[in-house]
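Everything below concerns the one structure shown next.
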Amino acid sequence: MQHKPYLSPSVLKQVALKQAPGAAVSYIYYFGKDRPAAVLAITAKEGLLYIYLNPYNGNITHSEKLTDNFFTVVEYIHLYLLLPPAIGKWVVGISVLLFVMIMITGIILWWPKRKTDRKRSFTIKWNGRWRRVNYDLHNVLGFYATSIAIILAITGLAIAFDWVSNGIYATANMGKSYAAEKAVPKSDTTLKASVPNQPVMDRAFLSAQDRSPQAQMFLIYDDNAASGTISVTAYAQSLHFYKSDIYTFDKYTAKPLKTLTQAQKSPGMKMNDMNYDIHVGQILGITGKIMAFLASLICASLPVTGFIIWLGKRKKSRSKQVRAVVHQRTQKQQRNFG
């Protein structure tokens, strides 16, 4: 682990621009003392390009197109089914809404009507016939996974749809609104000529480090708009997003425009900040990730076990219909010969 200070963000940006000349840079990440830094460059030829650097000497360690990364492709399948985002978001979102409805109605159907059925409803009869085992796998495992699955589904919807995240915000805040959180500061463009000797981005980063000395990860964002700002988000833990302090600066003078520490945030904003970490389970560390993985795995099995149950009932229904027809014909024949 390194104990010397990071190179300033302006230096990392210049190194990245040598790798990707003419690119636009809006995001610079410091992932942690024992992790690389990263510059997200937007190029006309290659699109989004991540350039990873040693944050202490500026050496480029790796660079890759975002669309070539395996996990990014998996993420796009998860979010959009590789469809155009505007379309895929709705396809996935509506599917998840239907999934939540199926889970709730499934619990209602599963709920034991009699006390004597409760033990059977909570356990799998492994020594039963294969159809009974399949039935129990669908119902029992589905029950155990439902509470986690619904949470994962709702947090996923919050990522896809603003109305869900706004609903979480309003619910957690008991309907109260916080103007300071919604305020969008702007830089004073009349001071554009008075750029200080030290780059504003560097001054903003140093200020955030001083004010959040325990932070492990930093994200620096410049929207590149004339009246835009430079913001620095200081995260309490590397690769976790639910505890952070946000500092916004004038991009021409480095004057602080807005400060929103973790302690100052409303319950609704804290809940939305926690959304991603809850969705992937990392809010509870490795235990939470295992729980989210197992719940997701069970949910992936439910359509298979459910289809087998439906197929079995369909065959039974057909066989009953055939028996009924045969019985009717037999009775008719008996009456004719009687």
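The values are calculated or read from the model by the stated rules, or taken from the named source; none is laboratory data. Bear in mind that the values here come from a model prediction, so they are computed numbers and not experimental data. Positions of Cβ are generated from backbone atoms using ideal geometry, with glycine treated the same way; all protein chains shown enter the neighbour counts. SASA here: full protein model, heavy atoms, side chains in, ligands and nucleic acids out. Shrake-Rupley method; radii C 1.70, N 1.55, O 1.52, S 1.80 Å.
Kindly write out, for the stretch 44-57 in residue order, the coupling ³J(HN,Hα) from the Karplus curve 6.51 cos²θ - 1.76 cosθ + 1.60 (θ = phi - 60°), rounded to whole Hz, with x marking Gly and Pro.
5, 8, 9, x, 6, 10, 8, 10, 9, 9, 6, x, 9, 10
Which entries in Lys265/Lys289; Lys33/Lys89; Lys45/Lys289; Lys176/Lys258; Lys176/Lys255; Lys192/Lys270 show an alpha-carbon gap greater than 28 Å? Present the calculation step by step, with values, prior to reporting the outcome.
On the way: Lys265/Lys289 26 Å; Lys33/Lys89 36 Å; Lys45/Lys289 37 Å; Lys176/Lys258 21 Å; Lys176/Lys255 30 Å; Lys192/Lys270 35 Å.
Pairs exceeding the cut-off: Lys33/Lys89; Lys45/Lys289; Lys176/Lys255; Lys192/Lys270.
Report, in degrees rounded to the nearest 10, the 0 to 90 angle that the Cα long axis of helix 142-160 makes with the longest principal axis of the chain.
Orientation of helix 142-160: about 40 degrees from the principal axis.
Among Lys113, Lys13, Lys289, which one shows the highest mean-square fluctuation when the chain is modelled as a Gaussian network with alpha-carbon springs under 10 Å?
In the Gaussian network model the winner is Lys113.
Quick one: pull the percent of accessible area on the chain belonging to carbon and sulfur, 1.4 Å probe, ligands and nucleic acids left out.
Working: 13040 of 21040 Å².
Carbon plus sulfur share of accessible area: 62 percent.
Just to make sure I understand: if all protein chains stay in place, what is the order of Ile108, Ile168, Ile154 by accessible area at 1.4 Å, largest first? Display every interim value, and only then the final one.
Numbers: Ile108 110, Ile168 35, Ile154 75 Å².
The residues order as Ile108, Ile154, Ile168, largest area first.
For helix 162-172, what angle does its Cα long axis make with the longest principal axis of the chain, in degrees from 0 to 90 and rounded to 10?
Compared with the principal axis, the helix lies near 90 degrees.
Relative to the present Cα-Cα distance, how much length would full extension add between Gln19 and Gln209 at 0.36 nm per residue of separation? Walk me through the numbers on the way to the answer.
Working: separation 190, 0.36 × 190 = 68.40 nm, distance 2.74 nm.
Residue separation times 0.36 nm, minus the Cα-Cα distance, leaves 65.7 nm.
Work out the FRET efficiency for Leu297 and Phe161 from their Cβ-Cβ distance, taking R0 = 30 Å, and round it to the nearest 0.05. Show your work: numbers first, answer last.
On the way: r = 25 Å, r/R0 = 0.85.
Efficiency for this residue pair is about 0.75.
Among Thr233, Ile107, Gln262, whose Cα lies farthest out toward the positive end of the dipole of the chain, if unit charges sit on the beta carbon of Lys, Arg (+1) and Asp, Glu (-1)?
It is Ile107.
Against the longest principal axis of the chain, how steep is helix 9-19, in degrees 0 to 90 to the nearest 10, with axes from Cα atoms?
Approximately 70 degrees, to the nearest 10.
If you count only protein heavy atoms with a 1.4 Å probe, what accessible area per residue comes out for the stretch 38-77, rounded to a whole Å²?
Working: 2340 Å² over 40 residues.
Accessible area per residue, the stretch 38-77: 58 Å².
Using a Gaussian network model of the chain whose springs link C-alpha atoms within less than 10 Å, name the residue from Thr229, Thr72, Thr155 with the highest mean-square fluctuation.
Evaluated over the chain, the most mobile residue of the options is Thr72.
Would you mind telling me which residue in Val232, Val73, Val100 has the biggest mean-square fluctuation in a Gaussian network model of the chain, where springs connect alpha carbons within a distance under 10 angstrom?
Looking only at Val232, Val73, Val100, the largest GNM fluctuation is found for Val73.
Under 17 Å between alpha carbons, and skipping anything fewer than 8 positions from Lys113 in its own chain: which aspartates and glutamates qualify?
Correct list for Lys113: Asp136.
At Asn57 and Asn224, where each label point lies 7 Å from the Cα along Cα→Cβ, what is the point-to-point distance in nanometres?
Label at Asn57, label at Asn224, 3.1 nm between them.
Using 0.36 nm per residue of separation minus the Cα-Cα distance, give me the extension gain between Thr67 and Ser95 in nm, one decimal. Could the numbers behind the result be given before it?
Values: separation 28, 0.36 × 28 = 10.08 nm, distance 2.47 nm.
Gain in length upon complete extension: 7.6 nm.
If you place +1 on the Cβ of every Lys and Arg, -1 on the Cβ of every Asp and Glu, and leave all else neutral, what size is the dipole of the chain about its Cα centre, to the nearest 20 Debye?
3040 debye
Can you find, among Thr146, Met217, Ser121, the residue sitting farthest towards the positive end of the charge dipole of the chain, where Lys and Arg contribute +1 and Asp and Glu -1 at Cβ?
Ser121
Would you calculate, for the chain, the mean residue ellipticity at 222 nm contributed by helices, counting each DSSP H stretch of 4 or more residues as -39,500 (n - 2.57) and dividing by all residues, to the nearest 500?
Working: 11 runs with 172 residues, N = 338.
The helix contribution divided over the chain gives -17000 deg cm²/dmol.
What distance in nm separates the simple spin-label points at Lys258 and Leu191, each placed 7 Å from Cα in the Cβ direction?
The answer from the label model is 1.7 nm.
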